[in-house]
Amino acid sequence: RGAKTMALQIGLLLFPNLTQLDLTGPWEVFAKLPGATCHLLAPTLEPVRSSSAGLTILPTTRYADCPQLDVVCVPGGPGHLQAMEDAATLDFLKSQAPGCRFVTAVCTGALVLAAAGLLRGYRATTHWMSLQRLAAFGATPVSQRVVIDRNRVTGGGVTAGIDFGLTLVAMLAGETLAREIQLQIEYEPQPPYGGSPETADPAIVASLRGRLGAYATAMAETDARALARLNG
């Protein structure tokens, strides 16, 4: 098992206003891979503020200093809209992707990959509110917790990042290690309420969609600009 994990380089991107659990869920899993080096990546080493008030994360590695990664992972969150239009982030992903064993994302991080042109022709998933956005970028939206298409691996919204992380560990180092890590973090969710549009109270779904209407408009406007750059 050790030989499979030796010298793995795993990088997770940081950007302002990210959803920290998109990142910290898989980070907790990846950090338990024997021999793996995990990087928190950003253009500078300045603290990055998440969308959770007051919670900041320190990058460990600048884009410019990052080695070739085996796995690159992009989290999501409200800040994905700015990341979709950040030249440094998109250029970093485009330069790393050809040498990666796996190009991955959690939640709306998939739209950042899409804006870099890295999901065209692939099946992928993302947060349920953004799933259909993927089609405009040439991806095939799939409503699942984790979607694997060749070396593209994507996770659904927020908490799916843990499922995603365990799935990727099994692919990198075998199912036994993935099972051990799942047991170590005691990951056996028993949610008190429905957490998807299919299982939640329809009134709650409608209310949430209404409250997030301005966010949906911002997503549509950002997508239009990103597509214009890709297709220009």
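The values are calculated or read from the model by the stated rules, or taken from the named source; none is laboratory data. Every value quoted in this text rests on a predicted model; they were computed, and no experiment measured them. Here Cβ is always computed from backbone atoms with ideal geometry, including for glycine, and neighbour counts include all displayed protein chains.
Residues to consider are 26, 43, 34; find the one that is surrounded by 20 or more Cβ atoms within 10 Å (Cβ to Cβ), at negative phi and in contact with a helix residue (DSSP H, G or I) (Cβ under 7 Å, 6 or more places away or on another chain).
Just a single option satisfies the conditions, and that option is 26.
Does residue 135 count as at pLDDT 95 or above, crowded, with 20+ Cβ neighbours inside 10 Å and of a type in the set (A, V, I, L, M, F, W, C)?
no
Considering each of 169, 142 in turn, give the residue that is surrounded by 13 or more Cβ atoms within 10 Å (Cβ to Cβ), free of Cβ contacts under 8 Å to residues at least 60 places away in the same chain, out of contact with any Cys (no Cβ under 6 Å at 6 or more places or on another chain) and hydrophobic (A, V, I, L, M, F, W, C). Even if it seems obvious, please write down each step before you answer.
Working: 169 fails: free of Cβ contacts under 8 Å to residues at least 60 places away in the same chain.
After ruling out the rest, the residue left standing is 142.
Being within 21 Å of the chain's Cα centre (by Cα) and at pLDDT below 95 narrows it down to one of 165, 195, so name that one.
Details: 165 fails: at pLDDT below 95.
Being within 21 Å of the chain's Cα centre (by Cα) and at pLDDT below 95 holds for just one of 165, 195, which is 195.
Every residue in the stretch 73-119 that is of a type outside the set (Gly, Ala, Ser) and in a strand (DSSP E or B), please.
Hits for the stretch 73-119 are 73, 74, 102, 103, 104, 106.
Taking the conditions exactly as written (surrounded by 12 or more Cβ atoms within 10 Å (Cβ to Cβ), closer than 20 Å to residue 17 by Cβ and at pLDDT below 95), does residue 212 satisfy them or not?
Yes; evaluated as a whole, the condition is true for this residue.
Mind counting the residues in the stretch 188-230 that are assigned to a helix (DSSP H, G or I), more than 16 Å from residue 131 (Cβ to Cβ) and of a type in the set (Gly, Ala, Ser)?
Counting residues in the stretch 188-230 that are assigned to a helix (DSSP H, G or I), more than 16 Å from residue 131 (Cβ to Cβ) and of a type in the set (Gly, Ala, Ser) gives 10.
Determine whether the stretch 95-112 contains at least one residue that is among the polar types (S, T, N, Q) and without any contact (Cβ under 8 Å) to a residue 24 or more places away in the chain.
Within the stretch 95-112 (the criterion being among the polar types (S, T, N, Q) and without any contact (Cβ under 8 Å) to a residue 24 or more places away in the chain), the answer is yes, since at least one residue qualifies.
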